[in-house]
Amino acid sequence: MTSSLGEPNLIAITGFFLFIALSLGITYVAARRTRDPEHFYAAGRSVTGLQNGLALAGDYMSAASFLGIAGLVALSGFDGLIYSIGFLVGWPIVMFLIAEPLRNLGRFTFSDVVAFRLRQAPVRVAAATGSLAVVAFYLIAQMVGAGNLIRLLFGLPYELAVIIVGAVMLAYVLFGGMIATTWVQIVKAVLLLLGAFLLAALTLARFDFNPLTLFEAAGDHYGLSVLGPGGLVSDPIDAISLGLALMFGTAGLPHILMRFYTVP
């Protein structure tokens, strides 16, 4: 197996297959523990705070956010940090305003909460339509990133790479339910955090672990524009609007909201 660049990347390929094997193993164990709808949709409400925190990190550190934010900062400079900070500020909103009512009123989905005081059928249809729309747009970004990654690793056609990734995702979700999803996201979060720490350490090692030397090298190459604003938004109104959208958008992501039903 070779990458699309013509050179085999044995370390990346081995790591990929190990992660797939681990995911399928978790799915098998989770499928044996899934006995009723509560286990399938809410992991039996047995996920601890630490486990859920790592799973939430894994949910959020996807191809779109983990790679996308780094790319925005690299290409857009200071303005790219609006995405990183906006997402971060959104978490206290979720924790203090949404998490407890959602867990107390809902059973498996966000629709349970809004249907508590409104007419069941219309509000469930509206909530399901909104959730599917959000998930569809979010999933497109993930599949594009994952498909390109598989294409680079194995030299496969892009369409086939997307189908393979989609099949693996469907397998561990359909057979393992929320238990498998939680543990796969925990493993992914740990690997991504370790990988990010390693990349940061290797980058600093190149500059003798001196951040000032790193900034000097960047300044010599890009000048003052390396930390200057204006690469992504052009005026304060745009920046405020983007920040608010990121803050409150986090509170509306269906795969994030579902996590609060898994706690005891």
*Which value, in debye to the nearest 20, gives the size of the charge dipole of the chain about its Cα centre, when Lys and Arg are +1 and Asp and Glu are -1 at the Cβ?*
1200
*Of 241, 37, 145, which is farthest on the positive side of the dipole of the range 10-261, counting Cα position, with +1 on Lys and Arg Cβ, -1 on Asp and Glu Cβ, and the Cα centre as origin?*
37
*Which of the listed residues, 75, 207, 88, is farthest toward the dipole's positive end in the chain, when Lys, Arg count +1 and Asp, Glu count -1 at the beta-carbon?*
88
*asked:* Which residue, 250, 177, 156, has the largest displacement toward the positive end of the dipole of the range 126-264 when charges sit on each Cβ (Lys, Arg +1; Asp, Glu -1)?
replied: 177
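Each reported figure results from applying straightforward, stated rules to the coordinates on display, with no laboratory input. Here the structure is a predicted model, which means the values were calculated and not measured. Every residue, glycine as well, gets a Cβ built from its backbone with ideal geometry; the counts of neighbours run over all protein chains shown.
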